[in-house]
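**Q** Let me begin by handing over the structure; questions about it come next.
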Amino acid sequence: MATIRNLKIKTSTCKRIVKELQSYEKEVEREAAKTADMKEKGADPYDLKQQENVLGESRMMIPDCHKRLESALAELKSTLAELEETDEKEGPEVEDAKKTIADMEKQFPTEDA
């Protein structure tokens, strides 16, 4: 049974995952620049290898975030659809959820959209 409270939770979850994804993308850029700088300066091979490992771990988090975002978005859509079936089609929470879905679909287009 979908409730307004569940809708708010799922909306917040989607927003949090988007922020997390953006954070990881910035981290990858930052770490890639640091790695390139270390290569230019001829850093110690061990330090360079460690930095490449850090960069690799950061890159691995992006696909994971995408999967979690797709899952959270699907849950949000499902909860919103259930609420609309029970005639709870208005309210700030519903509008926020619809806006979040639209923003996410625009920012992260999927194959089924």
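**Q** Are any residues in the range 13-30 open to solvent by 60 Å² or more (accessible area, probe 1.4 Å), more than 30 Å from Lys98 (Cα to Cα) and in contact (Cβ under 8 Å) with a residue 24 or more places away in the chain, and if so, which ones?
**A** Result: no residue meets the conditions.
**Q** Further, regarding this structure: Mind checking which residues of the range 61-113 are outside any loop (DSSP other than H, G, I, E, B), within 19 Å of Ala2 (Cβ to Cβ) and open to solvent by 70 Å² or more (accessible area, probe 1.4 Å)?
**A** Those that are outside any loop (DSSP other than H, G, I, E, B), within 19 Å of Ala2 (Cβ to Cβ) and open to solvent by 70 Å² or more (accessible area, probe 1.4 Å): Glu75, Lys77, Glu82, Glu85, Pro92, Glu95, Lys98, Lys99.
**Q** State yes or no: is Ala33 assigned to a helix (DSSP H, G or I), among the hydrophobic types (A, V, I, L, M, F, W, C), more than 25 Å from Pro109 (Cβ to Cβ) and open to solvent by less than 100 Å² (accessible area, probe 1.4 Å)?
**A** Taking the combined requirement at face value, the residue satisfies it.
**Q** Given the conditions (1) among the small types (Gly, Ala, Ser); (2) open to solvent by less than 40 Å² (accessible area, probe 1.4 Å); (3) in a helix (DSSP H, G or I), and given that Ala2 satisfies all but one, which numbered condition is not satisfied?
**A** Going through (1) among the small types (Gly, Ala, Ser); (2) open to solvent by less than 40 Å² (accessible area, probe 1.4 Å); (3) in a helix (DSSP H, G or I) one by one, Ala2 breaks only (3).
**Q** So, one more: Between a residue in the range 31-51 that is closer than 22 Å to Met61 by Cβ and any residue that is open to solvent by less than 50 Å² (accessible area, probe 1.4 Å) and not in a helix (DSSP H, G or I), which pairs come within a Cβ distance under 8 Å, given they are 6 or more apart or on different chains?
**A** Qualifying pairs under 8 Å: Gln51/Ala43.
The values are calculated or read from the model by the stated rules, or taken from the named source; none is laboratory data. These figures come from a predicted structure and were not determined experimentally. When we count neighbours, we look across all protein chains shown, and the Cβ atoms used for this are built from the backbone with ideal geometry, even at glycine. We work out accessible area using only protein heavy atoms, side chains counted, and drop any ligands, DNA or RNA first. Shrake-Rupley method; radii C 1.70, N 1.55, O 1.52, S 1.80 Å.
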